[in-house]
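Visitor: The structure is given below, and queries will be raised subsequently.
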Amino acid sequence: MGDMSNSDFYAKNQRNEENHAAAFGCSVMELRSLMELRGPEAVVKLQEDYAGVEGLCKRLKTSPTEGFPGAQTDLDKRKEIFGKNLIPPKKPKTFLQLVWEALQDVTLIILELAALISLGLSFYHPPGESSGESCGAAGGGVEDEGEADAGWIEGAAILLSVVCVVLVTAFNDWSKEKQFRGLQSRIEQEQKFQVVRGSQVIQLPVSDIVVGDIAQIKYGDLLPADGVLIQGNDLKIDESSLTGESDHVKKCVDKDPMLLSGTHVMEGSGRMVVTAVGVNSQTGIIFTLLGAGTEEEEKKEKKVKKQDGAAAMEMQPLKSAEGGESDEKEKKKPSVSKKEKSVLQGKLTKLAVQIGKAGLLMSAVTVIILVLYFCIDNFVMQKNPWMPECSPIYIQYFVKFFIIGVTVLVVAVPEGLPLAVTISLAYSVKKMMKDNNLVRHLDACETMGNATAICSDKTGTLTTNRMTAVQCYIGDVHYKEIPDPGTLPPKSLDLLVNSISINSAYTTKILPPDKEGGLPKQVGNKTECGLLGLVMDLKRDYQPIRNQIPEDKLYKVYTFNSVRKSMSTVIKLSDGSFRMYSKGASEIVLKKCSHILNEVGESRVFRPRDKDEMVKKVIEPMACEGLRTICVAYRNFSGDPEPSWDDESNILNDLTAICVVGIEDPVRPEVPDAIKKCQRAGITVRMVTGDNINTARAIAIKCGIIHPGEDFLCIDGKEFNRRIRNEKGEVEQERIDKVWPKLRVLARSSPTDKHTLVKGIIDSTTTDQRQVVAVTGDGTNDGPALKKADVGFAMGIAGTDVAKEASDIILTDDNFSSIVKAVMWGRNVYDSISKFLQFQLTVNVVAVIVAFTGACITQDSPLKAVQMLWVNLIMDTFASLALATEPPTECLLKRRPYGRNKPLISSTMTKNILGHGVYQLIIIFTLLFVGEKIFDIDSGRNAPLHSPPSEHYTIIFNTFVMMQLFNEINARKIHGERNVFDGIFRNPIFCTIVFGTFLMQIVIVQFGGKPFSCQPLDLEKWMWCVFLGLGELVWGQVIASVPNSKLRFLRRAGQLTQKDESPEEDVNEDNEEIDHAERELRRGQILWFRGLNRIQTQIRVVNAFRSSLYEGLEKPDSRSSIHNFMTHPEFRIEDSTPNIPLIDDTDDDSARRRKYSSQPSSPNKNNNAIDSGINLTIDTSKSAASSSPASPLHSLETSL
């Protein structure tokens, strides 16, 4: 299969291979066929063809221990022959494609058609000169030849404005797509990998890895390329992303040495020689099949199209088979992940749809009234017969009415909403990069604004992650600071130094400081660095010991994992016996000790009584000072008979303790302040750590998470499980609800505990608002919790690839205070959208009412189609830019989170919208009906068909725009603040847009002439228009003085946007909504199409970000580098709790409780994987039933 889709690629490579086969002992194809084998077959093939891994390394001109020298010419040659380690991304959409997509908007198409008909009719002159008189009132409009000729202008102007709208939309999409591509490549560059070149260990960007590199792999890595294992310790790989099997696969040199790109290292460490990169690796092959690969694909597709249809049909299944039945995926997509649709986007879609329905109704009624009025007036009242030669004139009238109707619709539908969201999010994401937040999923930054709880790791997030050993207990003495090596028993000292040097990852090192006088650089596992630091403090060096026993001489390694909480290494001594060195969490290792070294370094019996005393006298005092306690121990085994190393419980037992070390990890200086800000902002910070409970409590007090004297819980994992599980060992939500509100510190927690806690808080119904939980994590085992949380933060420096893959935001500086910045930006997004809404809805309400009533009373909308389109452009596109880019301020952190069910439009906003609407309507109707008397000009009402623009209507249009401009300044504040100019100059975009719009308006009024239906105004009339506009600011102060409590009805008004107040109605409403939608679609309602299409276009960008434009790959997080190929399977199951396609129903707790209670919860560790499996099927069938994948409704769900 791979060969088929890559044939062109190989045609090129074939030539290279012949030339270079001499250079390297094997070709791309040979290596590729080798990598397709698994298990024993692979071992046999390696032995037969290459004489084992060493032979393979020889052929690739590399050394298994030192790598190849890494000269530039060599690197270029390797890249030329074996390819680069990247998958060429799909070409971005061109500007023209985006223009074409923007043109698909249904309303725009209707406008274009109407304009074309109007154009056509204006050029059609009926025969016979007398027609003007004979058609009665209808023909009266044709005053003289010059005017009649100008009839085409309106049609042309509409077309022109459509072009403007389309170009602006396309440009917005294009620039955002470009931004996301930049972000994408930034995320990919972040990914580094350790390789050995020229016997130096270096960190390389994943894309620089070449075939023949010796890569060091360790727990938590996501493999960047295919390779063959050279040496491994206890290596277990999760290959489910390729095979779908969730069991971890054990890898060892003699049984299964094949390592594949895109798989995750779950345990252990090792070295591999890279054998395939980029499009030739296993992931790359799948990518190419999915059509994400090179341009050759596209050429081939063109060829296929030229061939007969049958061939094209054959190509099709191949893609969908590899893509995992893409139709299936299409159906599932809306319900796959809770992160697919954010709360805000949900609320906005719902709002846009509701406003759109109203607009559609208004426009339809407008058209009907206009047509009826015209017909009754002409044919009934004046008793004119319908004459064939007059038809074009009548039709022209009808077209004009239709255009007015469509314009009302254009103004009514707030297509600026999705645009505002996208702009606001894109702007925030860009700025958040500067605040060390690398956002991977756009909507995460807005969700962060609603966060009510943060579950944070301790090490590295709250603390500096620079471990230093400060106390130790050795030879029966507790030293409060590191002792002089002369005072320690030499035997104990030697054992201690050997144990620490050998029983730690050889990738962990302490390097000299970068700057003079700086602290030494710690590389690798920080706890091990602290222990190696202890060796250095004892005036010893670990490197000679490691050189003496290199990594491949280690007999057996039990790597650290969250279950063992310890690490052990076995070495073979010269006399044939074995020694095992062990280190780990003190209370766990001490339980397994039966002896301890005394003051002269001899071992004595260590009784349970001694253990309890040691815990009380040594471990607890250390822990209470916030130290992490590590116990170092060893055990000797006889060489004959050799122990059975797989019987772990017997091997890791009967140890002899050497020493207990207290390691300090100081709190980051900026953390206490950041935590104070969180607490002030109504966010609860909880610490979830694998550390000892006393250590955790001490650090929590230092950070300010707990204050002595408060009522809170600090418990460890064991106690936590005892409290939340029933007799059968199942987790019960009611029990969790008793624990979590007071829980502040969860110590000695396993990854499962973390996941259970997060899930418990999210599913809880005890509070009136559903909790929105953010989680930080760095280890592979944090993956499930990061996925489950509403927002997952991964550590950029200490985090493993798997954690980054599961997260939404990567903290590039691993610092807790960056999370507070994320909260600030998230709240800012929410406020920006509300500002825009407040402005937009005022304009909508006024424009629609004016057009509607004007049309009904005077047979013509006071605001012409082209003017409406201009107003639509300023208020939609420009205003969304201006209001969505307000920078955040600290005062955002002084209020509590909004919560998920708070309506988008608060009562203050409703008050503003209605208040300003009333003011604008009074002014405009006054001008419309008595304006000609005030200004002493000709009335523009009841003008015939092609009459020239009147000053009267120009004043109305100009005043309307001025009022919008000044109201835009009012809209900057949504909480009823008085000073609307506060910080206005901090936002240059806002100022530019307001001034720019003003200048454009002057140009349009003075020089717009016929196309804009404008008559130039003199200075006095201009001053009046601006004065009436300025009245908005004064009126704004008046409205701010009216207290909300006086306006009872407003409370309900604010909630019109949201019908789902009580969860009970929620579920029914959901089904109803979809059925309505279906019915409306069947009736062919324009609105859905328009709202959806426009929303889609703009949210496509969000999608594009999420899927990095690989439409072929239906996975939400797939990104164009190999490295980031597959989302972690076990995480994917975790969060498939269904997302009801409606808005806030994702938080519909009672429904969720019903779902969960209907299935027995399973005691397995992903205890919600099973439930969600069932929910998923229910949900899929529902969404499949409600919308066929092709229907626009479905595309809305998908695109959101």
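Visitor: Ranked highest first by the average count of other Cβ atoms within 10 Å around their residues, in what order do 829-835, 905-911, 558-564 fall?
Guide: Per-residue Cβ counts within 10 Å, averaged per peptide and sorted highest first, yield 829-835, 905-911, 558-564.
Visitor: Cα gyration tensor of the stretch 713-843, axes a ≥ b ≥ c as square roots of the eigenvalues: rounded (a/c below 1.5), prolate (a/b > b/c) or oblate?
Guide: Taking the square roots of the gyration eigenvalues as a ≥ b ≥ c, the stretch 713-843 is oblate.
Visitor: If you average the C-alpha positions of the stretch 805-840 and of the stretch 515-562 separately, how far apart do those two centres end up, in angstrom?
Guide: Comparing the Cα centres of the stretch 805-840 and the stretch 515-562, I get a distance of 40 Å.
Visitor: Here's another thing I want to ask about it. Determine the shape class of the stretch 773-921: with a ≥ b ≥ c the square roots of the Cα gyration tensor eigenvalues, call it rounded for a/c under 1.5, and otherwise prolate if a/b is greater than b/c, oblate otherwise.
Guide: Because a/c hits 1.5 or more and a/b exceeds b/c, the stretch 773-921 counts as prolate.
Visitor: What order do you get for 893-899, 622-628 when each peptide is scored by the mean count of other beta carbon atoms within 10 Å, highest first?
Guide: 622-628, 893-899
Visitor: Fully extended, how many nm does the chain gain between residue 1045 and residue 594 (0.36 nm per residue separation, minus their Cα-Cα distance)?
Guide: Working it through step by step, the gained length comes to 155.1 nm.
Visitor: Also, I was wondering about something else. How much length, in nm to one decimal, is gained on full extension between residue 491 and residue 192, taken as 0.36 nm per residue of separation minus their Cα-Cα distance?
Guide: 103.5 nm
Visitor: Here's a follow-up. Which order do the peptides 609-616, 456-463 come out in when sorted by mean C-beta neighbours inside 10 angstrom, highest first?
Guide: Result, highest mean Cβ count within 10 Å first: 456-463, 609-616.
Visitor: By accessible area of protein heavy atoms, probe 1.4 Å, what ranking do 433, 687 get, highest first?
Guide: If we order 433, 687 from most to least accessible, we get 433, 687.
Visitor: Would you please classify the overall shape of the stretch 505-592 from the alpha carbon gyration tensor, given that a ≥ b ≥ c denote the square roots of the eigenvalues, rounded means a/c under 1.5, and beyond that prolate means a/b larger than b/c while oblate covers the rest?
Guide: Oblate shape, in that a/c is at least 1.5 and b/c is the bigger or equal ratio.
Visitor: Could you order 801, 982 so the one with the most accessible surface comes first? Probe is 1.4 Å.
Guide: Correct descending sequence by accessible area is 982, 801.
Visitor: Still on this structure: Please report how far the C-alpha centroid of the stretch 591-648 lies from that of the stretch 356-407, rounded to the nearest whole angstrom.
Guide: Spelled out, the Cα-based centre of one part sits 94 Å from the other.
Visitor: Give the distance, in whole Å, between the Cα centre of the stretch 208-286 and the Cα centre of the stretch 453-493.
Guide: Rounded to whole Å, the Cα centres lie 35 Å apart.
Visitor: In percent, how large is the relative contact order of the stretch 908-999, given Cα pairs closer than 8 Å and 6 or more residues apart?
Guide: 27 percent.
The values are calculated or read from the model by the stated rules, or taken from the named source; none is laboratory data. Because the structure is a prediction, the values reported are computed rather than measured. Please note: Cβ atoms are built from the backbone with ideal geometry, for glycine as well, and neighbour counts cover all protein chains shown. Accessible surface areas use protein heavy atoms only, side chains included; no ligands, DNA or RNA. Shrake-Rupley method; radii C 1.70, N 1.55, O 1.52, S 1.80 Å.
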